[in-house]
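K.L.:
My questions will all concern the structure given below.
The values are calculated or read from the model by the stated rules, or taken from the named source; none is laboratory data. What you are looking at is a predicted structure, and each value in this text was computed from that prediction instead of being measured. Neighbour counts are summed over all protein chains in view; Cβ atoms, including those assigned to glycine, are modelled from backbone coordinates with ideal geometry.
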Amino acid sequence: MNTAKLVRMANDIAANFDCGLDRATEVAGVVDHIGRFWSPYMLDAMARQMQSGDIGLSDLAEQALRELIAERKGR
Amino acid sequence: MSRSETVLVYEPYRRPADLGAPPSESTTMVQVTIDGKTVTVPEGTMVIRAAALAGVNIPKLCASDMLEPFGSCRLCLVEIEGAKGLPASCTTEVAHGMEVTTQNPRLAEVRRNVMELYISDHPLDCLTCPTNGDCELQDMAGAVGLRDVRYGYAGENHLDMEKDESNPYFTFDPSKCIVCSRCVRACDEVQGTFALTIDGRGFESKVAASQDQPFLDSECVSCGACVQACPTATLTETSLIEMGQPEHSVITTCAYCGVGCSFRAEMKGEEVVKMIPNKDGHANHGHSCVKGRFAFGYATHKDRITAPLIRESISDPWREVSWEEAIGFAAGRLKEIREKYGSNSIGGITSSRCTNEETYLVQKMVRAGFGNNNVDTCARVCHSPTGYGLKSTLGESAGTQAFDSVLKADVIMIIGANPTVAHPVFASQMKRRLKEGARLIVVDPLQIDLVRSAHVEADCHLQLRPGTNVAIINALAHAVLSEGLEDNPYIEDRCEPDAYQDWRRFILEERNSPEALAEVTGVPAEDVRAAARLYAGGPNSAIYYGLGVSEHAQGSTMVMGIANLAMATGNLGREGVGVSPLRGQNNVQGACDMGSFPHELPGYRHISDAETRALFEREWGVELLPTPGFRIPNMFDAAIAGHFKGLYVQGEDMAQSDPDITHVSDALSSLECLIVQDLFLNETAKFAHVFLPGSSFLEKNGTYTNAERRISPVRKVMKPLAGYEDWEVTQLLANAMGCPMNYGHPSEIMDEVARLTPTFRGVSYEKLDRLGSIQWPCNEKAERGTPTMHVDTFVRGKGLFRLTPYVATQERSTSRYPLLLTTGRVLSQYNVGAQTRRTRNVQWHGEDILEIHPHDAEQRGIEQGDWVGLKSRAGDTVLRADITERVQPGVVYTTFHHPESGANVVTTDNSDWATNCPEYKVTAVQAYKVTRLSDWQQRFGEFTDTQLELLRKARTPVSA
């Protein structure tokens, strides 16, 4: 799957939760959103890509995705 | 009737009753006596209506209960005890204790004399007249007992006046006109277009369209209200002229826009003679538009495919096969793919053009039969942000009001919608309220018709730059809060306090002020503040919005911003206020309600909710996946990546309607099995391996749910051309996929929905038959449905203010792409045009046109009608130019009703952050003069020719 598009989607989501609240709330917002709407297949594709280093995710998007991926592994 | 005969249903054709004057809204009742019969009616009722309610039909010609009292024909005269002369009963209000006589020798004589004058100047060709059998003039001649015309027929008359047959759907024959003005009043009062007038005086008086032009060239919008109002054969449906009077009628629901008008299909056997808007229709109250009333010819168009088709690859000719073979082939292919590529490799797409029952079955088949949640619907590309935004703030993914609520609104704010072309029947109702004095705010980059049209002018037009919606809604909210115009008691009582405080702090930041954002939006701060004051002042302020809100990179944010503004000003939870999304297609609301999004089950319940899943697992007898499936664009991306291989598509045409068509075509070409179920070989079907012929709304039973959550019945008036209703086809495929379904009638599907969905618990076909239509939620708490939502509390409990930071779209004008393209609709065409292009509506809009401002055109040397190349980072196409000031400098506009115009070759994959709804409303483009079609258009033409040839081969019998 075209991960560049997934990166853009994640960054767009993060930008819309980035509104000057405390960081934990913002991360939780992004985690909840991606968890509710992304197919696990997309998350897995992202996880694979993220292992290869910097793929252009914003800080907020990256932090949220790392949490989600860890949570998915933990299941 | 012989003893062996059983009458099932026989309802002979009858003209619907007309009580002669509209109802009075008064709650004070008065008692009157009509011909000795006592009747109690609201104060303000006209005598003619009171008489009709008492069972006395007073002769009339100019009076109608659809129109305001007029009093010109002098036929409805009565005697009133104690009153002088003979007052017209259509313009005389009842008074308590009034005694009315409707018939005696004196009245009979006067009426006969009146009719005698009418008939002295009327052709006596009743036997060959189109309205023979349904003519009010003929009926009145009979009712008054006219036997002779003493004046003769040789005097000066209008019998030689020429017919106007310019309109493809109705004929104007002035020789039969009695100048009762019903057509003119219907155009003014019902439609609100003011296209007709009575030209001349006295004997010269005649009905004229615009400046005495042919109807087709005039301002007439062909809604047909005048034809319906005409009591003679002056304005007559062409279909009636060709076919004669209908013999029975069936109430059904229009298959076009989200207004969901109720119609009487007036039938002769299995042929539709005419569609007449139902006066008891709760969404449309007897009105309609050119599409619903007239554009039904596609249902019997020669392009309909009436036998299943299959082929191995898309370069092969189609082969006509039996249903059994087609279903076997389709299911076999899907199972092979699933076996080879895994359970996530197949999915289904349904459409807002399908009934509730059909979309419910598609999502059930995908979840329970395909074994994944890869199901989506075309609301993905229109109103998915509405679902997300309203659910997260108010608690329910639906509009808050009934359409009738607009009649109590004091301030109407229209954002990103063009109701007079996309939702014309509701627009007429809105115009009625505006003419009564409601104030109007329009927020739109375009000069939509309502900004300034006959008897309507917006108080504020915030003509913002495309893509800056969130900036404008934040600026409006800032103005409200900074000027102390919010409704504090409402907020304290109804909303979550912490979230409100966060929002308040955020909105009051200087960056959200109208002054700070003026640079971004292009709207002067003072205009924003004036609009904010008007909206907050109400007292009843209502917001109506369309795809100009949802189809943006921040579509969902904008929907939340709208909900925030309505909550902050206390404009939710009663009539006259609210947040109302105007849905593009007839069943957008319903398709979403039915669980056709990949992340949620029917009734907007998330697939991860174990309790809800258990409910469906018990009913369906399978285990369901707890994680969301693919959305449409994800399906395309996965197809291009080689992981998604099989797709079932019901009633949707992504290859025309979805953005970045080149990308869509690549995705469709990557599939190993594409199954398309549709009326026609649409653009998507040209990439298909299996074609399953669908049935039109006239050929099946089911329900649609309109933009006001109103569930209305769709009723079968003819048998399906290909043998099966669409839900039956899905059922065949599901069974072949090992997902057992055994429904005998769509009512059983609705019963299942009701069993499993709290908001639909009280819905049944029996109740729909009884009530006509039902607005959900309909359950134990609201047995007859719910016109207004969130009355005492919000569905989610306390209203939630969500923060709405403005994030500029990545589609912005650059030196390479200096213009912004925005897309929309025209009145005569519907969506991808598959239906309306196959009707005489093409006379109004035969091709898509590029609207460009004179300044931009001049800079580029473009003249009216020139071919213009339009290029974005996604692709390019060529359209003809229309130079107009309707668009701002820097903005160009087009529609996507014709596939070859390629508007969506130019639109990009940019989409709403929350829902992936495409940003159709903003694409950075360049425009330049050209002399030939684009390469894409040439390839498109060749591909279309090839595919039509492959279809012709299926229809040509192979010689042995």
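K.L.:
Can you pull out every residue in the stretch B:100-128 that is β-branched (Val, Ile, Thr) and either surrounded by fewer than 15 Cβ atoms within 10 Å (Cβ to Cβ) or assigned to a helix (DSSP H, G or I) (or both)? Can you show your working first?
P.N.:
Restricting attention to the stretch B:100-128, the residues satisfying the condition of being β-branched (Val, Ile, Thr) are B:100-102, B:110, B:114, B:119, B:128.
Passing the criteria: B:110, B:114, B:119, B:128.
K.L.:
Could you pull out the residue among B:854, B:889, B:805 that is within 14 Å of another protein chain (Cβ to nearest Cβ) and of a type outside the set (A, V, I, L, M, F, W, C)?
P.N.:
On the way: B:854 fails: within 14 Å of another protein chain (Cβ to nearest Cβ); B:889 fails: within 14 Å of another protein chain (Cβ to nearest Cβ).
Selected residue: B:805, the only one of B:854, B:889, B:805 that is within 14 Å of another protein chain (Cβ to nearest Cβ) and of a type outside the set (A, V, I, L, M, F, W, C).
K.L.:
Before we move on, is residue B:462 touching a residue at least 24 places away in the same chain (Cβ under 8 Å) and surrounded by fewer than 22 Cβ atoms within 10 Å (Cβ to Cβ)? It would help to see each step written out before you state the result.
P.N.:
On the way: touching a residue at least 24 places away in the same chain (Cβ under 8 Å): yes; surrounded by fewer than 22 Cβ atoms within 10 Å (Cβ to Cβ): no.
Here the answer is no, as residue B:462 does not meet what is asked.
K.L.:
Now, a different point. Mind checking which residues of the stretch A:7-49 are more than 21 Å from residue B:474 (Cα to Cα) and either of a type in the set (Phe, Trp, Tyr) or in contact with a strand residue (DSSP E or B) (Cβ under 7 Å, 6 or more places away or on another chain) (or both)?
P.N.:
Result: A:36, A:37, A:38, A:41.
K.L.:
Could you please find all residues in the stretch B:841-850 being part of a helix (DSSP H, G or I) and surrounded by 19 or more Cβ atoms within 10 Å (Cβ to Cβ)?
P.N.:
Of everything in the stretch B:841-850, just one residue is part of a helix (DSSP H, G or I) and surrounded by 19 or more Cβ atoms within 10 Å (Cβ to Cβ), namely B:841.
K.L.:
Next question. Count, please, the residues in the stretch A:31-75 that happen to be more than 13 Å from chain B (Cβ to nearest Cβ) and aromatic (Phe, Trp, Tyr).
P.N.:
Of the residues in that region, 0 qualify.
K.L.:
Sticking with this structure for a sec: Within the stretch B:501-553, take every residue that is within 14 Å of chain A (Cβ to nearest Cβ) and surrounded by 18 or more Cβ atoms within 10 Å (Cβ to Cβ) and give me the one that is nearest to the chain's Cα centre (by Cα). Please lay out each step first, then the result.
P.N.:
So the first thing to find is which residues in the stretch B:501-553 are within 14 Å of chain A (Cβ to nearest Cβ), and the list is B:501-512, B:552-553.
Remaining after also requiring surrounded by 18 or more Cβ atoms within 10 Å (Cβ to Cβ): B:502-503, B:506-507, B:512, B:552-553.
Details: B:502: 38, B:503: 35, B:506: 37, B:507: 35, B:512: 35, B:552: 21, B:553: 25 Å.
By that ranking, first place goes to B:552.
K.L.:
I'm trying to understand the selection: among the residues of the stretch B:617-644, which are surrounded by fewer than 21 Cβ atoms within 10 Å (Cβ to Cβ) and outside any loop (DSSP other than H, G, I, E, B)?
P.N.:
B:617, B:618, B:619, B:620, B:640
K.L.:
Scan the stretch B:330-342 and tell me whether some residue there is of a type outside the set (Phe, Trp, Tyr) and under 23 Å from the mean Cα position of the chain (by Cα). Even if it seems obvious, please write down each step before you answer.
P.N.:
To start, the set of residues in the stretch B:330-342 that are of a type outside the set (Phe, Trp, Tyr) comprises B:330-340, B:342.
The next check asks that each one be under 23 Å from the mean Cα position of the chain (by Cα); those that pass are none.
No, every residue in the stretch B:330-342 fails to be of a type outside the set (Phe, Trp, Tyr) and under 23 Å from the mean Cα position of the chain (by Cα).
K.L.:
Scan the stretch A:51-75 residue by residue and report those that are assigned to a helix (DSSP H, G or I) and over 10 Å from the mean Cα position of the chain (by Cα).
P.N.:
Correct list: A:70, A:71, A:72, A:73, A:74.
K.L.:
Residue B:586 fails exactly one of the following numbered conditions: (1) within 14 Å of chain A (Cβ to nearest Cβ); (2) modelled with pLDDT under 95. What is the number of that condition?
P.N.:
Every condition holds for residue B:586 apart from (1).
K.L.:
Can you name the number of the only condition in (1) in contact with a Phe, Trp or Tyr (Cβ under 9 Å, 6 or more places away or on another chain); (2) facing another protein chain (nearest Cβ under 10 Å); (3) buried (at least 24 other Cβ atoms within 10 Å of the Cβ) that residue B:594 fails?
P.N.:
(2)
K.L.:
Kindly provide the set of residues from the stretch B:868-891 that are in contact with a helix residue (DSSP H, G or I) (Cβ under 7 Å, 6 or more places away or on another chain) and aliphatic (A, V, I, L, M), ordered by number.
P.N.:
B:870, B:874, B:878, B:879, B:881, B:883
K.L.:
Name the single residue, out of those in the stretch B:634-648 being at the interface with chain A (Cβ under 9 Å from one of its Cβ atoms) and either over 12 Å from residue B:347 (Cα atoms) or of a type outside the set (A, V, I, L, M, F, W, C) (or both), that is nearest to the chain's Cα centre (by Cα).
P.N.:
B:634
K.L.:
From (1) within 10 Å of the chain's Cα centre (by Cα); (2) within 25 Å of residue B:804 (Cβ to Cβ); (3) away from every other protein chain (no Cβ under 12 Å), pick out the condition that doesn't hold for residue A:23.
P.N.:
Evaluating residue A:23 over (1) within 10 Å of the chain's Cα centre (by Cα); (2) within 25 Å of residue B:804 (Cβ to Cβ); (3) away from every other protein chain (no Cβ under 12 Å) leaves (1) as the failure.
K.L.:
Restricting the search to the stretch B:809-839, which residues are within 31 Å of the chain's Cα centre (by Cα) and either among the aliphatic types (A, V, I, L, M) or closer than 30 Å to residue B:512 by Cα (or both)?
P.N.:
B:809, B:811, B:819, B:820, B:821, B:822, B:823, B:824, B:826, B:827, B:832, B:834 - these are the residues of the stretch B:809-839 that are within 31 Å of the chain's Cα centre (by Cα) and either among the aliphatic types (A, V, I, L, M) or closer than 30 Å to residue B:512 by Cα (or both).
K.L.:
Could you check how many residues of the stretch B:186-221 are assigned to a loop (DSSP other than H, G, I, E, B) and more than 22 Å from residue B:277 (Cα to Cα)?
P.N.:
Number satisfying all stated conditions: 8.
K.L.:
Ok, one more. Filter the stretch B:435-453 for residues that are surrounded by fewer than 24 Cβ atoms within 10 Å (Cβ to Cβ) and part of a strand (DSSP E or B) and give the result.
P.N.:
Within the stretch B:435-453, B:439, B:440, B:441, B:452, B:453 meet the criteria.
K.L.:
Next up: Got a sec? Which of B:680, B:691 is surrounded by fewer than 24 Cβ atoms within 10 Å (Cβ to Cβ), at pLDDT 95 or above and more than 17 Å from residue A:41 (Cα to Cα)?
P.N.:
Criteria check complete, one pass: B:680.
K.L.:
State yes or no: is residue B:796 surrounded by fewer than 21 Cβ atoms within 10 Å (Cβ to Cβ), under 24 Å from residue B:601 (Cα atoms) and out of contact with any Phe, Trp or Tyr (no Cβ under 8 Å at 6 or more places or on another chain)?
P.N.:
yes
K.L.:
Would you please list the contacts, defined by Cβ atoms under 8 Å and residues six or more apart or on different chains, that run from a residue in the stretch B:191-205 that is outside the structural domain of residue B:827 (by TED's automatic domain parsing) to a residue that is exposed (fewer than 12 other Cβ atoms within 10 Å of the Cβ) and modelled with pLDDT of 95 or more?
P.N.:
Close Cβ pairs satisfying both conditions: none exist.
K.L.:
Quickly run through the stretch A:20-38 and pick out the residues that are outside any helix (DSSP H, G or I) and over 14 Å from residue B:914 (Cα atoms).
P.N.:
Of everything in the stretch A:20-38, those that are outside any helix (DSSP H, G or I) and over 14 Å from residue B:914 (Cα atoms) turn out to be A:20, A:21, A:22.
K.L.:
Given the conditions (1) among the charged types (D, E, K, R); (2) more than 42 Å from the chain's Cα centre (by Cα); (3) at pLDDT below 95, which single one is not true for residue B:106?
P.N.:
Only one criterion is unmet by residue B:106, namely (3).
K.L.:
Need a quick list: helices (runs of 4 or more DSSP H) entirely within the stretch B:454-523 having at least 3 residues that are closer than 23 Å to residue B:556 by Cβ and among the aromatic types (Phe, Trp, Tyr).
P.N.:
Qualifying helices (runs of 4 or more DSSP H): B:497-508.
K.L.:
Pull out all pairs, ordered by first then second residue, where Cβ-Cβ is under 8 Å, the residues are six or more apart or on different chains, the first lies in the stretch B:657-671 and is closer than 15 Å to residue B:936 by Cα, and the second is of a type in the set (Asp, Glu) and outside any helix (DSSP H, G or I).
P.N.:
Listed by first residue and then by second, the contacts come to B:659/B:909; B:659/B:919; B:660/B:909; B:663/B:909; B:664/B:658.
K.L.:
Just the residues that are over 12 Å from residue B:292 (Cβ atoms), of a type in the set (Ser, Thr, Tyr) and not in a strand (DSSP E or B), please, taken from the stretch B:222-256.
P.N.:
Matches in the stretch B:222-256: B:232, B:234, B:238, B:239.
K.L.:
Looking at this structure, is residue B:627 polar (S, T, N, Q) and within 14 Å of another protein chain (Cβ to nearest Cβ)?
P.N.:
Numbers: polar (S, T, N, Q): yes; within 14 Å of another protein chain (Cβ to nearest Cβ): yes.
Yes: the conditions hold for residue B:627.
K.L.:
In the stretch B:370-392, how many residues are within 12 Å of chain A (Cβ to nearest Cβ), not β-branched (Val, Ile, Thr) and not in a helix (DSSP H, G or I)?
P.N.:
Count: 4.
K.L.:
Right, next: Please state which of the following conditions residue B:666 fails to meet, knowing it meets all the rest: (1) away from chain A (no Cβ under 14 Å); (2) surrounded by fewer than 23 Cβ atoms within 10 Å (Cβ to Cβ); (3) charged (D, E, K, R).
P.N.:
(1)
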